[in-house]
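A.B. asks: The structure under discussion is supplied below as structure tokens; questions concerning it will follow.
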Amino acid sequence: MNVKFLIVSVLIACLLVSCVQSKLFDGCIREKKIEGYIFPKEYRSSLVHFDDVKERYTPIKEDVLRVEQLIKEQLVFINKPLINQGGNCPVIHKNLSKYARQYIGYFDQNNDKIIWVNFFIRREKDQLSKLNKDLIFVLDGCSNYWNVKVNLNKGKLYDLRINGSS
């Protein structure tokens, strides 16, 4: 009888720990000046395609914080041409805190850990409610909408894309 009680107790404890852990991280990330959503590796979208994907992975909070640090340090340098920025369109590296983010992680053909970050201006309240449902994809909109890839293995930003303005 003691063995059965012990087995049942261990199973219940494992179930409770599993439930608590699954609620600790729901993909949403809210840090100082950062609001975003990390899509799980199972997420698929026809809106974005990466040619260099070997395998998808789900970024963890530490990955995202590292990505954000690299963006903060390097964005000003790869954003030198200021494409579609100025006037009514924000200069992205000067306004990072005004953007919500979406993160998609994958390993490239060299097994480097890549995180693609999709940025959109926070003033779009209806889009913020959709943050964790699907990628926010807008045509035009200038620097209110942009994305960049971050290679965590090399600690480098690349493939900066800023929406057009028409």
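The values are calculated or read from the model by the stated rules, or taken from the named source; none is laboratory data. Because the structure is predicted, anything quoted here is derived from the model rather than measured. Because the Cβ atoms are built from the backbone with ideal geometry, glycine has one as well, and the counts that use them run over all protein chains shown.
A.B. asks: Taking the residues in segment 89-99 that are part of a helix (DSSP H, G or I) and touching a residue at least 12 places away in the same chain (Cβ under 8 Å) as candidates, determine which candidate is surrounded by the fewest Cβ atoms within 10 Å (Cβ to Cβ). Before the answer, list the steps.
C.D. replies: Within segment 89-99, the subset part of a helix (DSSP H, G or I) is 92-94, 96-98.
Filter again for touching a residue at least 12 places away in the same chain (Cβ under 8 Å), leaving 92-93, 96-98.
Working: ILE92: 26, HIS93: 18, LEU96: 16, SER97: 10, LYS98: 15.
My answer is SER97.
A.B. asks: Also, quick follow-up: Take TYR37 and tell me if it is in contact with a Cys (Cβ under 7 Å, 6 or more places away or on another chain) and at pLDDT 75 or above. I'd like the intermediate steps shown before the answer.
C.D. replies: Numbers: in contact with a Cys (Cβ under 7 Å, 6 or more places away or on another chain): yes; at pLDDT 75 or above: yes.
Judged against the criteria, TYR37 is a match.
A.B. asks: Across segment 38-70, which residue is farthest from SER97 (Cα to Cα) among those that are in a helix (DSSP H, G or I) and of a type in the set (Lys, Arg)?
C.D. replies: Taking segment 38-70 first, the residues in a helix (DSSP H, G or I) are 61-70.
Within this subset, residues satisfying the condition of being of a type in the set (Lys, Arg) are 61, 66.
Numbers: LYS61: 18, ARG66: 16 Å.
In this case the residue turns out to be LYS61.
A.B. asks: How many residues are small (Gly, Ala, Ser) and touching a residue at least 60 places away in the same chain (Cβ under 8 Å) when one looks only at segment 100-142?
C.D. replies: Taking segment 100-142 and keeping what is small (Gly, Ala, Ser), we get 100, 105, 129, 141.
Those left that are additionally touching a residue at least 60 places away in the same chain (Cβ under 8 Å): 100, 105.
Number satisfying all stated conditions: 2.
A.B. asks: On to the next question. Got a sec? Which of LEU70, LEU47 is of a type in the set (A, V, I, L, M, F, W, C) and either in contact with a helix residue (DSSP H, G or I) (Cβ under 7 Å, 6 or more places away or on another chain) or surrounded by 12 or more Cβ atoms within 10 Å (Cβ to Cβ) (or both)?
C.D. replies: Working: LEU47 fails: either in contact with a helix residue (DSSP H, G or I) (Cβ under 7 Å, 6 or more places away or on another chain) or surrounded by 12 or more Cβ atoms within 10 Å (Cβ to Cβ) (or both).
When all the criteria are applied, what remains is LEU70.
A.B. asks: So, one more: With respect to VAL91, is the statement that it is at pLDDT below 90 and closer than 13 Å to ILE162 by Cβ true?
C.D. replies: Numbers: at pLDDT below 90: no; closer than 13 Å to ILE162 by Cβ: yes.
Answer is no for this residue.
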